[in-house]
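So the structure is just underneath, and the comments pick up after that.
The values are calculated or read from the model by the stated rules, or taken from the named source; none is laboratory data. Treat the numbers as computed from the prediction; the structure is a model and nothing was measured. Ideal geometry is used to build each Cβ from the backbone, glycine not excepted, and the neighbour counts take in all protein chains shown. All accessible areas refer to the heavy atoms of the entire protein, side chains included, with ligands and DNA or RNA removed. Shrake-Rupley method; radii C 1.70, N 1.55, O 1.52, S 1.80 Å.
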Amino acid sequence: MNRKPIIAVVGRPNVGKSTFVNRLVGKRQSIVDDLPGVTRDRIYFDVEWQHKQFTVIDTGGIVPGDEDEIMLSIYDQAKIACEEADKIIFLVDGIDGVTPVDEDIANILRQSDKPIFLAVNKVDSHNQITMISDFYSLAVGEPIAISALHGSGGVGDLLDEITKDFEQDDTKTEDGSIKLAIVGRPNAGKSSIVNALLGEKRVIVSDVSGTTRDSIDSRLTYNEQEFVIVDTAGIRKKAKVDYGVEKFAVDRAIRSIKECDVALLVIDATEAVDGISDQDKKIASIITEAGKGMVIAINKWDLIEDKKANTVNKFEKKLANEIPFLDYVPKIYISAVTHQRLNNIFTRVVEVQAEHSKRVSTGLLNKVINEAYALNPPQTIRNKRLKIMYSTQAATEPPTFILFVNDEKLLKDHYKRYMENKLREAFGFLGTPIRIAVRERSEKKSKG
């Protein structure tokens, strides 16, 4: 449950920061372009090196003193990344040599009191090593020559040095707790729920939206199960989020989703009666894309007037119509103020975490997949029909299945959804997304 170390990659525009991050991640994640300033926001990636995991922040190029509005926002983002990071990689261009902007950035970084690692990029051959000597003048440590584009040079040496005091994952022990992130739009009642669950005023509660700026962890035990509860800043539409402190808070909330086991999506009942907001749907999508378990809490249920026996049923139908893609997610109707059904949160979260980590035997899985296929065979495409030769569960949290097929192009999205529904019918998977991957395998090889 320890927080992963954070490394920020900073430098002036077009020195190869996103290319370097892509090299670390192992796939093309950041946008790479010759146009300076392509990366505007901070982008977070999980990286593993020699069994050590850490988070890398790709930042926009810094141009100190630039008055352009976009460049100022990029500069602010990079500053925030440096404040958040445990260590900083200062990337410079070995071909261009030391520039005045590099000198300005070095002056700023020296004031951060963070460990700084100077990486001289674009040193693509051993003959160019002499280019790095000029960078000693920046006075931020010994320059290390690397080639982000080709992966040659001292990329490995750089990572060895940066991660030498990081813990290896295989030395950590799980404590059995469930990490629960409380997420939602501003003023939906997240902090009130946390305070009610903890029985104390742990976080500030105010009618002013956005009071919670940071993610706050608290531990509690319910029915002998330990929970780590994370209260997060409200996630607003990106267009309404200012750069600076609030943008930082929203990024931390999204990171809390990525690091949790189960997310409790809090929706304001008084607003939801008029329809589920697009932002609530967006937050649900973030949780799903992160592969996390989910419980939806309809808060402020005590404020719904004229409640009748069928009020919940009507609300359930509204949710089913507006967010049909979340029909597998349990919904609970609560009140943080009156404590109505608050304990149901723990019960549901435990159930969802069990489903999130469920593993299905290979024999039973193949039986369900084969029966589903026989019940509804896929259509023939250009005289070819999809054949599923074998299935296996590759991972849990979330449950991930691999279908070995004759031609992966023949597995269309609608048929993948059909298979997902059949897996849910057979095994449940309450509150957890399912991943279905496909691998091609020749029929001869499968028979052999």
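Of everything listed in (1) modelled with pLDDT of 75 or more; (2) assigned to a loop (DSSP other than H, G, I, E, B), the single unmet condition for THR173 is (1).
Quickly run through segment 103-126 and pick out the residues that are in contact with a Leu (Cβ under 6 Å, 6 or more places away or on another chain) and assigned to a strand (DSSP E or B). Steps first, please.
At the first step, the residues of segment 103-126 found to be in contact with a Leu (Cβ under 6 Å, 6 or more places away or on another chain) are 106, 116, 119, 121.
Answer for segment 103-126, where residues must be in contact with a Leu (Cβ under 6 Å, 6 or more places away or on another chain) and assigned to a strand (DSSP E or B): ILE116, ALA119, ASN121.
Got at least one residue in segment 371-392 being under 30 Å from ILE332 (Cβ atoms) and either of a type in the set (A, V, I, L, M) or free of Cβ contacts under 8 Å to residues at least 40 places away in the same chain (or both)?
At the first step, the residues of segment 371-392 found to be under 30 Å from ILE332 (Cβ atoms) are none.
Taking every residue of segment 371-392 in turn, none turns out to be under 30 Å from ILE332 (Cβ atoms) and either of a type in the set (A, V, I, L, M) or free of Cβ contacts under 8 Å to residues at least 40 places away in the same chain (or both).
Candidates ILE74, ILE70: the one that is in contact with a Lys or Arg (Cβ under 7 Å, 6 or more places away or on another chain), over 13 Å from ILE7 (Cβ atoms), modelled with pLDDT under 75 and open to solvent by 30 Å² or more (accessible area, probe 1.4 Å) is ILE70. Among residues of segment 267-296 that are within 12 Å of GLU322 (Cβ to Cβ), those with a beta-carbon under 9 Å from a residue that is outside any helix (DSSP H, G or I) and open to solvent by 50 Å² or more (accessible area, probe 1.4 Å) at least six positions away or on a different chain give the pairs ILE267/ARG185; SER277/ARG185; ASP278/LYS237; ASP280/ARG185.
Yes/no per residue for (1) of a type in the set (Ser, Thr, Tyr); (2) closer than 28 Å to ARG417 by Cβ; (3) modelled with pLDDT under 95; (4) in a helix (DSSP H, G or I):
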residue: VAL337; (1), (2), (3), (4): no, no, yes, no
residue: ARG348; (1), (2), (3), (4): no, yes, no, yes
residue: GLU351; (1), (2), (3), (4): no, yes, no, yes
residue: GLU355; (1), (2), (3), (4): no, yes, no, yes
residue: VAL360; (1), (2), (3), (4): no, yes, yes, no
residue: GLY363; (1), (2), (3), (4): no, yes, yes, yes
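Just one of the numbered conditions (1) modelled with pLDDT of 85 or more; (2) under 21 Å from VAL21 (Cα atoms); (3) part of a loop (DSSP other than H, G, I, E, B) is not true of HIS150; which one? It fails just one condition, (1). Kindly indicate whether any position in segment 266-285 is more than 18 Å from the chain's Cα centre (by Cα), in a loop (DSSP other than H, G, I, E, B), crowded, with 18+ Cβ neighbours inside 10 Å and modelled with pLDDT of 80 or more. Within segment 266-285 (the criterion being more than 18 Å from the chain's Cα centre (by Cα), in a loop (DSSP other than H, G, I, E, B), crowded, with 18+ Cβ neighbours inside 10 Å and modelled with pLDDT of 80 or more), the answer is yes, since at least one residue qualifies.
All of LYS314, LYS308 fail the test of being assigned to a loop (DSSP other than H, G, I, E, B), open to solvent by 50 Å² or more (accessible area, probe 1.4 Å), at pLDDT below 90 and of a type in the set (Lys, Arg), apart from LYS308. Restricting VAL10, VAL38 to residues that are crowded, with 16+ Cβ neighbours inside 10 Å and modelled with pLDDT under 50 narrows the list to VAL38.
Restricting attention to segment 409-444, the residues that are under 16 Å from SER357 (Cα atoms) and open to solvent by 60 Å² or more (accessible area, probe 1.4 Å) total 1. Remark: LYS27 matches the filter, which requires a residue to be under 23 Å from the mean Cα position of the chain (by Cα) and modelled with pLDDT under 60. Once segment 13-24 is narrowed to residues that are among the β-branched types (Val, Ile, Thr) and modelled with pLDDT under 85, the residue that is nearest to ASP93 (Cα to Cα) is THR19. Of the residues making up segment 326-339, at least one is closer than 16 Å to ARG424 by Cα and free of Cβ contacts under 8 Å to residues at least 40 places away in the same chain. Restricted to segment 82-136, and to residues there that are of a type in the set (Asp, Glu) and in contact with a Pro (Cβ under 8 Å, 6 or more places away or on another chain), the residue that is surrounded by the fewest Cβ atoms within 10 Å (Cβ to Cβ) is ASP104. Counting the residues of segment 365-393 that are assigned to a loop (DSSP other than H, G, I, E, B) and of a type in the set (A, V, I, L, M) gives 1.
ALA263 meets all of the listed conditions (1) under 20 Å from LEU220 (Cα atoms); (2) open to solvent by less than 40 Å² (accessible area, probe 1.4 Å); (3) more than 17 Å from the chain's Cα centre (by Cα) but one, namely (3).
In segment 351-365 there is at least one residue matching the filter, namely being loosely packed, with under 15 Cβ neighbours inside 10 Å and in contact with a helix residue (DSSP H, G or I) (Cβ under 9 Å, 6 or more places away or on another chain). Considering only segment 358-370, state which residues are touching a residue at least 12 places away in the same chain (Cβ under 8 Å) and charged (D, E, K, R). Those that are touching a residue at least 12 places away in the same chain (Cβ under 8 Å) and charged (D, E, K, R): LYS358, ARG359.
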